[in-house]
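Please read the structure below before turning to the comments.
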Amino acid sequence: MSKNISIAIDGPAAAGKSTIAKRVAKALNFVYIDTGAMYRAFTWAVMEKGLDCEDKEASCSLVGKVSIHLEEDGRVICNGVDVTKEIREPRVSSNVSYIASYKDIRLALVDMQRAMAESKSVVMDGRDIGTYVLPKAEVKIFQVASVLTRAKRRQKENEEKGIPTTLEEVIADVEKRDYIDSHRDFAPLSKAEDAIEVDTSDMSIEEVVDAILSIIKEKTGVEPCR
């Protein structure tokens, strides 16, 4: 492969983007960048300071004061603390869309994300990767699924991580995040004009991965290493 290739996978909350992106990256031997974890880590940092995530000015006051590192083994380190589990807890999930809607915070994290993609081939997932973060990505996927399907998947993930939540709570959270993400003023959730939509409602993880790898091969010629 003569040049670095960027794969952008966007979509609404709990659409399974991270799970799919990790597997696609592994199959291609690309680097996986979980942008959602970065916003969750910043949310955790805001809450750890005792600040209100709905307070834009207070939240943005931490720009430049929060360090976030994504380890190769999947751990997320924020200000020197391993917050891998904490950032998946309901208190963070219910506030992350506020943090992600603030322009100053997005600009800071986007700079970090673009820098990561400059020196290596990456698979990056989020809400605005194909439209804003990596508008020149060679392949853009917009991954969707019904609200109920997404809520069930997120509830199962929470259970596996030892985080108790009811289906009703998760549905409410998913719907709330959909609204905030799609209505924010700066870089809202939207499908890039040149993105290929993949509806995963009735697909297994393996089927989704295979479908996306086929799209990548067709567009770039890159085949899985597996």
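Within this structure, Glu54 passes the test of being more than 30 Å from Phe30 (Cβ to Cβ) and touching a residue at least 12 places away in the same chain (Cβ under 8 Å). Would you say Lys136 is part of a helix (DSSP H, G or I), open to solvent by 50 Å² or more (accessible area, probe 1.4 Å) and in contact (Cβ under 8 Å) with a residue 24 or more places away in the chain? Here the answer is no, as Lys136 does not meet what is asked.
Of everything in segment 111-133 that's under 30 Å from Glu218 (Cβ atoms) and without any contact (Cβ under 8 Å) to a residue 24 or more places away in the chain, which residue is surrounded by the fewest Cβ atoms within 10 Å (Cβ to Cβ)?
Let us first name the residues in segment 111-133 that are under 30 Å from Glu218 (Cβ atoms), namely 113-133.
If we keep only those that are without any contact (Cβ under 8 Å) to a residue 24 or more places away in the chain too, we end up with 114-115.
Working: Arg114: 13, Ala115: 9.
Going through the qualifying residues, I end up with Ala115.
Scanning segment 15-30 for residues that are in a loop (DSSP other than H, G, I, E, B) and open to solvent by less than 10 Å² (accessible area, probe 1.4 Å) gives a single hit, Ala15.
For segment 142-226, which helices (runs of 4 or more DSSP H) that fit wholly inside it have 1 or more residues that are of a type in the set (Phe, Trp, Tyr) and either buried (at least 17 other Cβ atoms within 10 Å of the Cβ) or within 19 Å of the chain's Cα centre (by Cα) (or both)?
Working: elements: 147-160, 167-183, 205-220.
The qualifying helices (runs of 4 or more DSSP H) are 167-183.
Taking each residue of segment 155-166 that is in contact (Cβ under 8 Å) with a residue 24 or more places away in the chain and looking for partners that are in a helix (DSSP H, G or I) with beta-carbon atoms closer than 7 Å, six or more apart or interchain, yields Lys161/Arg88; Ile163/Arg88; Ile163/Pro90; Thr165/Pro90; Thr165/Gln155; Thr165/Asn158.
Answer yes or no: is there a residue in segment 134-151 that is among the acidic types (Asp, Glu) and under 21 Å from Val123 (Cα atoms). Working first, answer last.
Of segment 134-151, the ones among the acidic types (Asp, Glu) are 138.
Retained after the next criterion (residues that are under 21 Å from Val123 (Cα atoms)): 138.
Looking for residues that are among the acidic types (Asp, Glu) and under 21 Å from Val123 (Cα atoms), one finds at least one in segment 134-151, hence yes.
Being within 28 Å of Glu72 (Cα to Cα), in contact with an Asp or Glu (Cβ under 6 Å, 6 or more places away or on another chain) and of a type in the set (A, V, I, L, M, F, W, C) holds for only one residue in Ile163, Ile141, Ile105, and it is Ile163. Can you pull out the residues in segment 29-61 that are among the aliphatic types (A, V, I, L, M) and in contact with a helix residue (DSSP H, G or I) (Cβ under 6 Å, 6 or more places away or on another chain)? Ile33, Met38, Ala41, Val46, Leu51 - these are the residues of segment 29-61 that are among the aliphatic types (A, V, I, L, M) and in contact with a helix residue (DSSP H, G or I) (Cβ under 6 Å, 6 or more places away or on another chain).
The values are calculated or read from the model by the stated rules, or taken from the named source; none is laboratory data. All of these numbers come straight from a predicted model, not from anything done at the bench. Quick reminder, even Gly has a Cβ in these numbers, built from the backbone with ideal geometry, and neighbours come from all protein chains shown. With ligands, DNA and RNA removed, areas are computed over all heavy atoms of the protein, side chains included. Shrake-Rupley method; radii C 1.70, N 1.55, O 1.52, S 1.80 Å.
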